[in-house]
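To start, the structure under review is shown below, and the notes come after it.
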Amino acid sequence: MIGQKSKIKNFWIIFFGTVALLAVAAAIALGCIYSRKAAQMRMSQVNDDNVYKIDRENTYKRSLYALCDSLKNIDADLCKTAVSNNAEQQAQMLTAVVIHANAVNQNLSELPFAASDNLAACQRFVNQTQDYATYLVGKLALGKPLQARERAALLQLDTVANNLYAFVSDYARGDAGMFVTNGNGLNNVGALSDGLEQVDSNAFTYEKLIYDGPFSESVAHKTLQLSAKLSHEQCGNTVTELFGDNVFCCEVNNNGLYYVYNLPDGKVMLTADGRVAQYERYLEDYDNANDGDNSENGDNGGGADGDTAKVNAAHNADYQSIARQFCSRLGYDVAPVWVSRTQDDVIYVNCATVIDGVIVYPDLVKIAVDRASGLVVGCEAKAYLLNHTDWDVTFGDVSQDDAARALDGSLTVTNTARALIEKNGKHYACYEYECSCADRQYYVYVDSVTGNEVELFKVIAQTEGHTVM
């Protein structure tokens, strides 16, 4: 009996011991599960926080770049208005100032600036510029011309816009141009606000802007007219002849039918009748490929390396010749009319049809040449494809000397050419006057029929450019 009781007692000891062990194990297991879930929750919170920060960063960045663009446009239109001698042109540009000033205010309100005297001065400047431009538009509408003092005031405002644009664009390009993902906490405003405080409160100040030459960005919204409709396989044969190996990528319907092909080191877009509309080349692997190859266009039977002359170190590359040869390979009978170099060391050569010495700007083919390698890294021929025709370049009865009387007295003419330009769907046979005023450079186009100013461009500061005709 005693032995039986002992057995029962041992059973219950073992039973409860086992239950206790299971309970402990369960507690440990549950603890691990809860720990993992908690860690996952914390990780989710961190990830969500990062996503939010990145989203805010991108929002701020968009506003910052939009602010840069609006300030640049204000600068351009202010200084062009100051030297324009055409009331209609002046009214259009001043109206643009009003629109861009409103955009500046909107962008400023979306950026995390700390309140300061300079921020208030900046906002006051934008509002006053907007009001002054509105006032001048009203005056022009009454037929009253701008006076010398008003032109001087526009140039002063331009100086302020230029200084402000310089500050904002430098900030946007620099490493400091971050708001919430730089480890300084959400809605960090330090560098931006501190930088604004460094701007001289008396120097709030700007520049159309010819980056790549007159009319380089003006492509009218037109539909491409095809001489025939080829298949992408047929057009692919043309790509092979010009650039070598390629793979068909896609078809694009955008005011006309185009085919896009991937190349080993770039891509090309052809019209559906086999003409090159765009070309882009990547140079990442250039240093490791074809060292010492100085062959001219086509000497290697086509392929990606036959698109332009290669120049050792490219210190003395003839960029105009490179562009002319490339255009000739594509079948475009054009000549270089403008060369410029921008901050990214890309040489832009704008080529156009030239008839009896008259530059036909609607027929532009823009060629981008890498300064270091001498290789063509880009081509844009849509303007040529959309506009090219049998042009009539007959000039009117207004002489070059008489047309020059339309220029504002503050401008000094440094060079003159003849050009056919397009504006608002209409073509004008014009005299092109390259002019200077103080440290600014302009291009003014005067109609040979009416003797009126038709178009005016300002050359952007620090851009090395010149016409070559």
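The values are calculated or read from the model by the stated rules, or taken from the named source; none is laboratory data. From a predicted model like this one, the values you see are computed outputs, not experimental measurements. Cβ placement follows ideal geometry from the backbone for every residue including glycine, while neighbour counts extend to all protein chains displayed.
Quick look at the values:
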quantity: Condition met for V137 (farther than 19 Å from Q441 by Cα and not assigned by TED's automatic domain parsing to the domain that holds F457); calculated: yes
quantity: Some residue of the stretch 396-418 being part of a strand (DSSP E or B) and among the charged types (D, E, K, R); calculated: yes
quantity: Residue within the stretch 353-371 that is touching a Leu at 6+ places or on another chain (Cβ under 9 Å) and part of a loop (DSSP other than H, G, I, E, B) present; calculated: no
quantity: Flag if V252 is surrounded by fewer than 18 Cβ atoms within 10 Å (Cβ to Cβ), out of contact with any helix residue (DSSP H, G or I) (no Cβ under 9 Å at 6 or more places or on another chain) and in the same structural domain as Q325 (by TED's automatic domain parsing); calculated: yes
quantity: Checklist (1) modelled with pLDDT under 90; (2) over 23 Å from L270 (Cα atoms) applied to S321, failing item; calculated: (1)
quantity: Cβ-Cβ under 7 Å pairs, at least 6 apart or on other chains, the stretch 67-90 side closer than 22 Å to A438 by Cα, far side of a type in the set (D, E) and assigned to a helix (DSSP H, G or I); calculated: D75/D158; L78/D158; C79/D158; A82/D158
quantity: Within the stretch 375-429, considering residues that are crowded, with 19+ Cβ neighbours inside 10 Å and among the β-branched types (V, I, T), the one nearest to the chain's Cα centre (by Cα); calculated: V377
quantity: Verdict on Y332 being modelled with pLDDT of 90 or more, crowded, with 20+ Cβ neighbours inside 10 Å and aromatic (F, W, Y); calculated: yes
